[in-house]
Each structure stands twice: as C-alpha cells, then as structure tokens.
1. Tell me, what is the FRET efficiency for LEU488 and GLU330 to the nearest 0.05, using R0 = 60 angstrom and their Cβ-Cβ distance as r?
2. Give LYS88/LYS457; LYS102/LYS468; LYS88/LYS461; LYS166/LYS468; LYS48/LYS102 a once-over and call out the pairs whose C-alpha atoms are over 19 Å from each other.
3. Can you compute the helix-only [θ] at 222 nm over the chain? Use -39500 (n - 2.57) per DSSP H run of at least 4 residues, normalise by all residues, nearest 500 deg cm²/dmol.
4. For LYS241, list long-range residues whose amide hydrogen, built 1.01 Å from N in the peptide plane, is under 5 Å from its own amide hydrogen.
5. Given the C-alpha centroids of the stretch 98-113 and the stretch 59-78, what is the distance between them in whole angstrom?
6. Grab the Cα-Cα distance for GLU449 and ASN292, subtract it from 0.36 nm times how many residues apart they are, and report the gain in nm with one decimal.
7. Given the alpha-carbon gyration tensor of the stretch 400-499, what are the semi-axes of its equivalent ellipsoid in whole angstrom, ordered largest first, with each equal to the square root of 5 times an eigenvalue?
8. How long, wide and thick is the stretch 1-59, going by the Cα atoms along their three principal axes, in whole angstroms, largest first?
Amino acid sequence: MSGNLATILTDSAAKFGDRDALRLDDAVFTYALLDEASARVATMLKAKGLQPGDRVGIMLPNVPYFPVAYYGVLRAGGVVVPMNVLLKGREVGFYLSDPGAKIVFAWHDFAEAAQQGADEAGAELIDVEPGVIEGAIFAHEPDPDVAERDGSETAVILYTSGTTGKPKGAELTHDNLRRNAAAAAGLFSLDETVVTLGALPLFHSFGQTCGMNATTYAGGCLTLIPRFEPAKALEIIQRDKVSVFEGVPTMYGAMLHLPEHGDYDTSTLRVCASGGASLPVELLRSFEEAFNTKILEGYGLSETSPVASFNHPDRERKPGSIGTPIEGVEMKVVDEDDHEVAAGEVGEIVIRGHNVMKGYWGREEATAEVMKGGWFHSGDMAKVDEGGYFFIVDRKKDLIIRGGYNVYPREVEEVLYEHPSVREAAVVGVPHDDLGEEVGAAVVLKDGEDVDAEAIKAYVKDNVAAYKYPRHVWIVDELPKGPTGKILKREIDVPAPADRA
C-alpha cells in the first residue's frame with residue numbers, strides 16, 4: 001500500500017463518491033469529481049515533465065482549485081509548496097527558487113506578482129482563472145494511479161521564518177501529515193456526515209491539516225470561505241448546517257462582536273477549535289455562551305504538522321491551557337540545559353513524535369539547532385501544571401502574531417534597511433485589541449535625510465505581504481543598544497497612537 005498522502009482522497013472517493021467533498025457557495029464538488037479533477041491535474045503535471053519528488057508551488061486562496069491542485073501534485077508524486085496569495089513578487093521568487101520548484105499554480109488576481117516570482121525562479125506559471133483553467137485540466141485524461149511514495153518521503157514544504165535570515169522550509173512527510181490529519185479527525189469526532197467551515201487559509205498548516213486533510217480523511221464536507229467575514233461565516237454555518245468550525249482568536253472575536261450574530265441559526269455547531277495564538281479566556285467563555293458550543297484550544301507549529309497538543313473533548317478542559325499532547329506525541333518543558341523543569345516552572349516547550357518534521361529544506365545546521373537531543377525545540381515558553389496541562393507564557397522569539405498570522409521582525413527589517421533614508425530599524429509588536437498584535441517599527445534616519453513615517457510605511461507595503469507591513473512607524477533619534485551594540489527591542493518605547501507618525 002502506498003504511503004502517499006493523496007490516498008486519503010482516493011480512499012474516501014471509493015467509499016463516499018456521491019457525497020459532497022467541497023462547497024463554495026453554489027459550487028459543489030462530490031468526492032468522485034474531486035478525485036477525477038485531481039487525477040487530471042496529475043496527468044497534466046506529468047505531461048509537463050514532473051518527476052516524483054519535484055516541487056510545485058500552490059498560491060491559491062480558499063477555493064476548490066486548491067485541493068484539486070494539492071492532491072493532484074501529490075498523486076503525481078510531487079511535493080507541494082503552499083504559498084500565501086498576498087506574497088509580493090520578490091517573496092514569490094524566493095519561495096519558488098529556494099526549493100527549486102518547477103511549476104506554480106497561481107490565482108489569476110495575483111498573477112502579476114506570481115509571474116514576477118516565477119520568472120525569477122525559472123518556474124512555469126499555471127494561471128488559475130475560473131472558466132479557463134477547467135479547459136486546461138479537462139484536456140487531460142484522468143490518471144487513476146497514485147504515485148508510490150514512502151511515508152517517510154516529503155509531501156509538503158511549509159515555509160516558516162525564524163527571527164534571523166530567510167524563511168526556512170519545514171519538510172513534512174506523508175506520514176507526518178496523514179497521522180496528524182487522523183489525530184485531528186479523532187479530536188473533533190469527524191466522520192462522513194461532518195460539515196467543516198474552511199475559514200482558515202489552506203496554505204497554512206492549521207487550515208490544511210485540521211480543515212482540508214482531516215475532513216477529507218473522514219469523508220466529510222469542507223465548505224469554503226475565501227476571505228473571512230463574520231457575517232458571511234455565520235451565513236454559511238446556517239446555510240450548510242456546519243458542525244465544526246476552526247479558527248484563530250480574532251475570528252471568534254469578530255463573530256461574537258457582530259451585533260446581529262443572534263439572528264443566525266448556528267444550532268448545528270457542535271465543536272470549535274482555536275489555535276494560532278492564545279485565546280483570551282473571557283472571549284472563550286463569552287463565545288461558548290452566545291453560540292451554545294464548545295471551543296477546544298490547542299497548540300502546534302508548522303514544524304509539527306501542526307498539531308502537538310489539544311484540549312481533548314472527553315477530558316477536563318482548562319481555559320487558557322493548550323491542553324495535553326495528542327496520541328503518539330511527547331511534550332515537555334526544559335531549561336536552557338535541556339533539563340526538564342518542575343511543574344509550575346517556566347521553560348521551553350520541546351516536542352517529539354510522529355508529527356515532527358523531517359527537517360528544514362537544505363538547512364542542516366538550522367535543523368540540528370532545533371532538533372537537539374532528538375527533540376524539536378519550539379522556542380515557546382510555557383509551564384505545566386500537576387495534571388500535565390500546558391500553558392503558554394511567552395514567545396522566546398521576537399515573533400509578532402497579527403490576527404493569527406506570524407510576522408517575523410527580521411524579514412520586515414531587511415526591507416526597511418533597503419530604504420535609502422533608513423539607517424537603523426527595529427520591528428516590534430504593538431498591542432491591538434482585535435488582532436492581538438499589530439506590527440510597529442522604530443526607525444532612525446540617516447544624517448541629513450528628511451522622510452516621513454508614511455513614506456517609509458508605503459515603501460515596506462510595496463515589498464511585503466499586506467499582513468506584514470508596519471501600520472505604526474515612528475522616527476527616533478537613536479535605538480537603545482546593549483554593550484555589544486545589539487539593539488535592545490525590549491527597551492524600545494512605543495509611543496501613544498497619536499504620536500506614532
């Protein structure tokens with residue numbers, strides 16, 4: 001039996017061919033149609049010369065073409081490189097050139113940036129435009145075969161930045177992703193009757209594993225929303241009788257604070273899952289009361305496929321906790337010498353199990369650094385109570401989490417330093433009521449330069465994805481530094497909102 005992740009689709013199609021697999025408003029894909037479309041994509045890719053192990057970028061929003069392309073690449077034996085549709089040309093170029101991707105599927109609305117990046121990387125662009133792409137796909141006969149892949153081989157490369165250097169590609173194997181999808185299906189009691197709201201981006205590990213792959217594994221229906229809006233989400237929950245919703249805290253807050261949320265029938269909502277950032281306890285309680293449902297909070301990273309721990313539906317839930325490790329996964333909290341700390345003490349979360357990545361693509365040193373002693377070092381600080389429940393305390397890294405999206409300061413700082421008037425810059429998180437954190441930048445200008453904060457903001461906006469650029473920029477005479485000259489971000493004074501520009 002093939003270890004190929006694509007068999008989660010072919011197995012469900014064999015059992016539930018006539019059942020709905022995907023919905024996007026009035027467009028419906030049965031399992032039989034999704035299976036056939038992905039088989040035609042596999043043929044198309046092979047005709048373009050794709051060999052097993054070759055990398056293919058997928059730069060698509062939450063539309064049915066995403067799973068069609070995703071499973072098509074896998075069944076052809078390729079490796080999927082999921083990409084945010086908001087990436088600019090220079091970023092697309094890196095995401096394709098670093099793994100040596102030969103082909104990229106890109107949404108037509110973002111074709112300009114995608115084409116620029118594809119040209120830089122020497123990759124072929126497949127422009128995904130509704131009404132046009134179908135002709136290209138259905139010109140090929142469906143290949144019923146699924147490429148033989150060992151479970152230990154790479155299925156997906158998910159890019160995740162560190163606080164230094166370029167983004168790193170976490171190599172997730174077929175076994176990593178299959179077992180994590182199965183674990184998620186078990187956590188949320190998914191079966192062929194489930195309707196999951198696909199509000200999380202499918203290019204992100206949370207939406208991809210817990211939404212798309214887990215629902216496909218169970219034979220359920222994933223109903224998609226390309227751009228999250230609270231009223232639209234509630235409308236879909238009512239219309240499609242959604243039973244499982246997975247989101248980040250900002251989504252829960254937006255739905256709860258929608259004045260007319262009580263006008264929608266959400267009685268079918270059985271369970272919700274929250275991840276990506278800490279869910280405020282008050283928000284959890286208020287949402288559960290308003291919608292008469294249960295929220296399970298969990299934790300994971302791109303490098304862990306992503307689920308590492310969760311509050312389990314059949315056990316005690318502890319608000320504010322990320323729960324306990326999922327089956328087959330070990331977690332502990334250690335000090336700087338990798339010694340496990342006592343209950344209640346703060347240390348770094350380390351993880352070991354079937355969910356941990358194979359390594360970072362082409363970065364042996366970076367892999368060795370995070371995999372000391374055979375445990376993945378998360379960089380997240382936490383404590384464990386006497387019952388074995390984990391509680392996140394802080395981020396070891398300078399990571400900014402803006403509305404569930406990870407923003408890595410170094411990447412934004414690199415662009416700021418490219419501005420001809422900027423001498424120094426430091427990017428920090430600024431508290432935000434709805435997003436959790438907003439991106440802020442303290443900037444020192446070169447002598448004699450006279451440029452305002454709005455111009456600097458616009459410059460960065462042109463060069464990074466929309467969720468990354470600093471909404472708050474303030475000019476300072478100097479940045480606080482330590483004895484070695486290192487900028488001390490913790491000592492940067494963030495001015496009041498009226499003074500930031």
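Any read-out appearing in this document is the output of simple, stated calculations on the displayed coordinates, not a laboratory observation. Because the structure is predicted, anything quoted here is derived from the model rather than measured. Note that each Cβ is placed from the backbone with ideal geometry, even for glycine, and that neighbours are counted across all protein chains shown.
1. Values: r = 35 Å, r/R0 = 0.59.
That pair, LEU488 with GLU330, gives E of 0.95.
2. Details: LYS88/LYS457 15 Å; LYS102/LYS468 27 Å; LYS88/LYS461 10 Å; LYS166/LYS468 15 Å; LYS48/LYS102 10 Å.
The pairs that break the limit, which is 19 Å between Cα atoms, are LYS102/LYS468.
3. On the way: 14 runs with 139 residues, N = 501.
Dividing the helical sum by the residues of the chain leaves -8000 deg cm²/dmol.
4. none
5. Taking the Cα centre of each part, the stretch 98-113 and the stretch 59-78 sit 13 Å apart.
6. On the way: separation 157, 0.36 × 157 = 56.52 nm, distance 5.73 nm.
Extra length available between GLU449 and ASN292 comes to 50.8 nm.
7. 20, 16, 13
8. Sorted largest first, the three principal extents are 33, 30, 18 Å.
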